[in-house]
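Asks: What follows is a single structure, and I will ask about it in a moment.
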Amino acid sequence: MRFDSAMVADHFQGFIPTAIWDTRFSWAAASHPRPHAVFDYQLLLGYLAAKAGRLRLGVGVTEPIRRHPVLIAQTMASLAHAARARPILGIGAGERENLEPYGLSFAQPVSVLEEALTVIKQCFAGRGPLDFQGKHFKLDHAVMDLLPPKERVPEIWIAAHGPRMLRLTGAFGDGWYPTVIESADEYGAKLGVIRAAALAADRDPDAIVPALHQYILVAPTRAEARAMLDTPAVRFASLLAAPADVWRKVGAEHPFGSTFRGYVDIIPEQYDRPTLERAMAAVPPELVGYGLMWGTPEEIADQLRAFGRAGLRHLVLDVASAL
């Protein structure tokens, strides 16, 4: 087996609340007593660049609300000089947990992202001083003279799930980097939306890399993998992976509200332990493990092959069974 890339996150905090972070939830709590201790992705990627060789490095993902798009472009251009392989700029519309607790607005995040993508592409193109008049960003003869090497211009991979984000991926993206795609059929359908948007923007749809960040729960036997589904960590992940509209499809109401969108909306430190324990206990049996691939290595490989047939070309694995 050979790894092609290493992706690091850009968060102020993780998704797991301190209220439930203990060794009953995960063995990792014994050596990591705080669940939200996250390294800055810029420094971490710079450190890795000296050691990664031809391994591709990327952020998966950042957003242009905490970080100005020119700063994002400068960071990735710098990484392109430091690394031997073409970097990956994973970018999305953001999550509430990284914004609202810090006084930043989560209003109109897709509109913010659309403008930011235009600015970032202008920075990478290096066509003189930058002028841009948008609703969210304004540039007046702004300078960004640091250009990435021509052979290592960072690829922009967009973390898209909804219709508008998928269309943005077709119009702007070099890659598509989703997570929590429930089936190969869903993956193929969304990839079709992206490719149609690329054609509408007069871009080559086949040049867009279809990627996937996939959580897996793997064990030597199917019975062992199934047993891990009923752990607190998997039940909590199911709360976030399955938003309220998915709960309604199985005749249940999400304990975090009828409009809860999962990972996008969670602010972990707003919840106390009793509330979280009740919520985890309420996960319907058919939604336990939602968004996960689980089973033996052979079974997971079979599931991934189905995604490959649907168009997947670059896989990033996140081993949930490590918790």
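Asks: Need the full-extension length gain, Arg34 to Glu186, defined as separation in residues times 0.36 nm minus the C-alpha distance. One decimal, nm.
Replies: On the way: separation 152, 0.36 × 152 = 54.72 nm, distance 3.58 nm.
Length gained, Arg34 through Glu186: 51.1 nm.
Asks: Now, a different point. State, as an integer percentage, the relative contact order of the chain based on alpha-carbon contacts under 8 Å between residues 6 or more apart.
Replies: Working: 565 pairs, mean separation 57.0, N = 323.
It rounds to 18 percent for the chain.
Asks: Once you keep just the Cα pairs under 8 angstrom separated by 6 or more residues, what percentage relative contact order results for the stretch 1-116? Mind showing how you got there, number by number?
Replies: Details: 155 pairs, mean separation 31.7, N = 116.
Value for the stretch 1-116: 27 percent.
Asks: Follow-up. Mind listing which GluC sites (Glu not before Pro) in the stretch 113-185 are in a DSSP loop and have 15 or fewer other Cβ atoms within 10 Å? Please list the in-between numbers first.
Replies: Details: sites: Glu114, Glu115, Glu151, Glu155, Glu182; in loops: Glu182.
Filter output for the stretch 113-185: Glu182.
Asks: So if I take the alpha carbon set of the stretch 143-228, get Rg, then get Rh from the Kirkwood formula, what is the Rg over Rh ratio? The partial results should precede the final answer.
Replies: Values: Rg = 16.9 Å, Rh = 14.8 Å.
Rg divided by Rh gives 1.15.
Asks: Another question about this same structure. Quick one: Karplus J couplings for the stretch 157-170, per residue in order, coefficients 6.51, -1.76, 1.60, θ = phi - 60°, nearest Hz, x for Gly and Pro?
Replies: My calculation for the stretch 157-170 gives 9, 9, 7, 10, 9, x, x, 5, 5, 5, 5, 4, 4, x Hz in order.
Asks: OK, next. Between Leu315 and Arg226, 0.36 nm times their residue separation minus their Cα-Cα distance comes to what? Working shown, then result.
Replies: Details: separation 89, 0.36 × 89 = 32.04 nm, distance 2.33 nm.
This chain segment gains 29.7 nm when fully extended.
Asks: Taking Cα pairs under 8 Å and at least six residues apart, what relative contact order does the stretch 144-293 come out at, in percent? Display every interim value, and only then the final one.
Replies: On the way: 184 pairs, mean separation 31.5, N = 150.
Reported relative contact order: 21 percent.
Asks: Continuing with this model, one more query. Answer rounded, prolate or oblate for the stretch 170-211, using the Cα gyration tensor with square roots of eigenvalues a ≥ b ≥ c: rounded when a/c is under 1.5, else prolate when a/b is larger than b/c, else oblate. All intermediate terms of the calculation are to be shown ahead of the outcome.
Replies: Numbers: a/c = 2.66, a/b = 1.79, b/c = 1.48.
Prolate shape, in that a/c is at least 1.5 and a/b is the bigger ratio.
Asks: Which listed residue (Gly60, Ala50, Leu79) has the Cα farthest towards the positive end of the charge dipole for the stretch 48-93, taking +1 on Lys and Arg C-beta and -1 on Asp and Glu C-beta about the Cα centre?
Replies: Value: Ala50.
Asks: Rounded to the nearest 0.05, what FRET efficiency is calculated for Tyr47 and Asp145 with R0 set to 25 Å and r the Cβ-Cβ distance? Walk me through the numbers before you get to the answer.
Replies: Numbers: r = 25 Å, r/R0 = 1.00.
Result of the calculation: an efficiency of 0.50.
Asks: By a straight-distance test (C-alpha under 26 Å), which lysines pair with Lys51 as possible cross-link partners, with residues fewer than eight away in the same chain excluded?
Replies: The reachable lysines, counting only those whose Cα sits under 26 Å from Lys51, are Lys150.
Asks: About the Cα centre of the stretch 144-229, what is the dipole size in debye to 20, counting +1 per Lys and Arg Cβ and -1 per Asp and Glu Cβ, all else neutral?
Replies: Working: 9 positive and 11 negative charges, 42 e Å.
That gives a dipole near 200 debye.
Asks: Could you put Met76, Met7, Met165 in order, starting from the residue whose Cβ has the fewest other Cβ atoms within 10 Å? Please report the intermediate quantities before stating the final value.
Replies: Working: Met76 28, Met7 20, Met165 23.
Taking fewest neighbouring Cβ atoms as first place, the list is Met7, Met165, Met76.
Asks: Tell me, what ³J(HN,Hα) does each residue in the stretch 119-134 have, in order and in whole Hz, if you take phi through Karplus 6.51 cos²θ - 1.76 cosθ + 1.60 with θ = phi - 60° and put x for Gly and Pro?
Replies: Each residue's phi maps through the Karplus curve to give 5, 4, 5, 5, 4, 5, 6, x, 8, x, x, 9, 10, 8, 10, x Hz.
No value in this document is a laboratory result; all are computed from the given coordinates. None of the values given here were measured: they were computed from a predicted structure. Glycine gets a Cβ as well: all are built from the backbone with ideal geometry, and neighbour counts include every protein chain shown.
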